[in-house]
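Some notes on the structure that comes next.
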Amino acid sequence: MSVDEVGGVLGEIRDEFLAVGERERLQLLLELSRELPELPERYAASPALLERVEECQSPVRAFAEVEADGVHFYATAPQEAPTTRGFASILAQGLTGLTPEQVLAVPDDYPMMLGLARAVSPLRLGGMAGMLGRAKRQVREQLAEGA
Amino acid sequence: MPAPLDPSPKFAEYARPERLVSTAWLAEQIAAGTTDLVVVESDEDVLLYETGHIPGAVKVDWHTDLLHPVVRDYLDGAGFAALLGSRGIGRDTTVVLYGDKNNWWAAYSAWVFTLFGHEDVRLLDGGRNLWVAEGRELTTDVPAPTAADYPVVERDDVTYRAFKEDVLAHLGHGPLVDIRSPQEYTGERLHIPDYPEEGVLRGGHIPSARNVPWATAVAEDGTYKPRAELEAIYRDGGLGLRPDDDVITYCRIGERSSHTWFALRHLLGLPNVRNYDGSWTEWGNAVRVPIATGPDPS
């Protein structure tokens, strides 16, 4: 899948980013960070979902589930990590509802298509790529289990 | 005219008490409208300032503001003058830096400000986390400071900054302090888990470096430990650093080691401490530099 072929919500979000200047892209990411849904009740009380990363101090956890109506992407990140929350929110909005095959077809470098490389630093975009990669692995594992 | 000093007894014990301020002191200064004091937020998270910051604080982003856009280096004297001037900071302005992640990036910014010889740079002890934990005021109002005339000053890359060549020449002559996690130090892990692309080709540490993770220097609430405890960690009974030592600190990209640089230079008063900002992302990718693995320094 090429850059131009990313469709659906992920494509729309990418287009929104590319349509505005660099400063506005950060504002857009901030708005998206506020839209990150809370974890469903069944996960909210599962401390095992929170992964403590000693060095970065941010308990960030993202995971995908294959359900009857398609894939759901869930993520949790602290309020003091709005960039991470923004990236998680993009994936939550963009991946949820896709078929497992559509999720696996999302380009691994989708984070690099948002025009944020100069504003956010490559390491943060790498973090989003990590979330996407994790989601794909989990989808793959669940497909294998279900097969 | 510099802002008054924070008279906290804890700070009075440090070698340079004027380098730290408490949250209570800062709140008082803001309430009193102290002039020629600029509060600067410097975070790892590029959006955190926008979600709310200390009233009146301006933002300096380490990545987009302090780094050269192309070369792996800092901005030059003209760039620094433009940056600080735009934030309403003059050469004699008292700067109080604070930020997320236990002040890692605030300390990093303090170190970069020091390369340009900005005299009155202080850290908010405990950083953003403590300010928030204490329920102190945050605002989303972004100040529009009156531009200040900041002079163009040449960056001093000798006194407090070490390059790879300096570290090579340093081997066998002075102590190295590795600030990373023990797993990064031994070489078991090539990067910290959330930052995969900062990975390097070789794991381990610079030969002779001793491992003292940055967090060793702080208490539960993120404030620096009292001087006696820092002495026990870094001086006699601990690392054994002496005032006549030439010390080099490093981590992955130089931010956590700035936090320790600050403690060694300002809180313990060691005169010769340099930060190697190339750190492991440079050393672990460099061709034919010596590397040690495992828990032992050499």
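The values are calculated or read from the model by the stated rules, or taken from the named source; none is laboratory data. Bear in mind the structure is a predicted one, so any value in this text is a computation, not a measurement. Cβ: placed from backbone, ideal geometry, glycine included. Neighbour counts: every protein chain shown. SASA here: full protein model, heavy atoms, side chains in, ligands and nucleic acids out. Shrake-Rupley method; radii C 1.70, N 1.55, O 1.52, S 1.80 Å.
Restricting attention to the range B:27-44, does a residue exist that is free of Cβ contacts under 8 Å to residues at least 12 places away in the same chain and within 26 Å of A:Arg118 (Cα to Cα)? Checking the range B:27-44: not a single residue is free of Cβ contacts under 8 Å to residues at least 12 places away in the same chain and within 26 Å of A:Arg118 (Cα to Cα). Scanning the range B:5-27 for residues that are open to solvent by 60 Å² or more (accessible area, probe 1.4 Å), aliphatic (A, V, I, L, M) and assigned to a loop (DSSP other than H, G, I, E, B) yields one hit, B:Leu5. Here B:Gly79 fulfils each of the conditions (1) surrounded by fewer than 23 Cβ atoms within 10 Å (Cβ to Cβ); (2) within 14 Å of chain A (Cβ to nearest Cβ); (3) within 20 Å of B:Pro145 (Cβ to Cβ) apart from (2). Among the conditions (1) under 17 Å from the mean Cα position of the chain (by Cα); (2) open to solvent by 60 Å² or more (accessible area, probe 1.4 Å), B:Arg210 misses just one, which is (1).
Of B:Gly85, B:Gly56, B:Gly79, B:Gly90, all but one fail to be in a loop (DSSP other than H, G, I, E, B), more than 21 Å from B:Arg128 (Cα to Cα) and of a type in the set (Gly, Ala, Ser); the exception is B:Gly90. If you go through the range A:68-103 and keep only what is out of contact with any helix residue (DSSP H, G or I) (no Cβ under 6 Å at 6 or more places or on another chain), touching a residue at least 12 places away in the same chain (Cβ under 8 Å) and over 20 Å from B:Leu47 (Cα atoms), you end up with A:Asp69, A:Gly70, A:His72, A:Tyr74, A:Thr96, A:Gly97, A:Leu98, A:Thr99, A:Gln102. Go through the range A:56-147 and tell me which helices (runs of 4 or more DSSP H), entirely inside it, have 3 or more residues that are at pLDDT 90 or above, within 15 Å of the chain's Cα centre (by Cα) and more than 9 Å from chain B (Cβ to nearest Cβ). So the answer is A:82-95, A:100-105, A:122-146. Within the range B:215-226, residues that are part of a helix (DSSP H, G or I) reach partners that are open to solvent by less than 40 Å² (accessible area, probe 1.4 Å) with beta carbons closer than 8 Å, at six or more positions or on different chains, in the pairs B:Ala215/B:Asn102; B:Thr216/B:Ile233; B:Ala217/B:Tyr224; B:Ala217/B:Leu230; B:Ala217/B:Ile233; B:Ala217/B:His259; B:Ala217/B:Thr260; B:Ala217/B:Ala263. Tallying residues that are part of a loop (DSSP other than H, G, I, E, B) and either open to solvent by 10 Å² or more (accessible area, probe 1.4 Å) or out of contact with any helix residue (DSSP H, G or I) (no Cβ under 9 Å at 6 or more places or on another chain) (or both) within the range B:253-277 yields 5. Restrict the check to the range B:288-296 and report whether at least one residue is assigned to a loop (DSSP other than H, G, I, E, B), touching a Phe, Trp or Tyr at 6+ places or on another chain (Cβ under 7 Å) and crowded, with 17+ Cβ neighbours inside 10 Å. No, because not a single residue in the range B:288-296 is assigned to a loop (DSSP other than H, G, I, E, B), touching a Phe, Trp or Tyr at 6+ places or on another chain (Cβ under 7 Å) and crowded, with 17+ Cβ neighbours inside 10 Å. All of B:Val96, B:Val112 fail the test of being part of a strand (DSSP E or B) and at pLDDT 95 or above, apart from B:Val96. Taking the range B:32-53 as the range and being within 14 Å of chain A (Cβ to nearest Cβ) and either in contact with a helix residue (DSSP H, G or I) (Cβ under 9 Å, 6 or more places away or on another chain) or not in a helix (DSSP H, G or I) (or both) as the test, the residues that pass are B:Glu41, B:Ser42, B:Asp43, B:Glu44, B:Asp45, B:Val46, B:Leu47, B:Leu48, B:Glu50, B:Thr51, B:Gly52, B:His53. Considering B:Ile233, B:Ile291, the condition of being over 21 Å from B:Val112 (Cβ atoms), touching a helix residue (DSSP H, G or I) at 6+ places or on another chain (Cβ under 7 Å) and at pLDDT 95 or above is satisfied by B:Ile233 alone.
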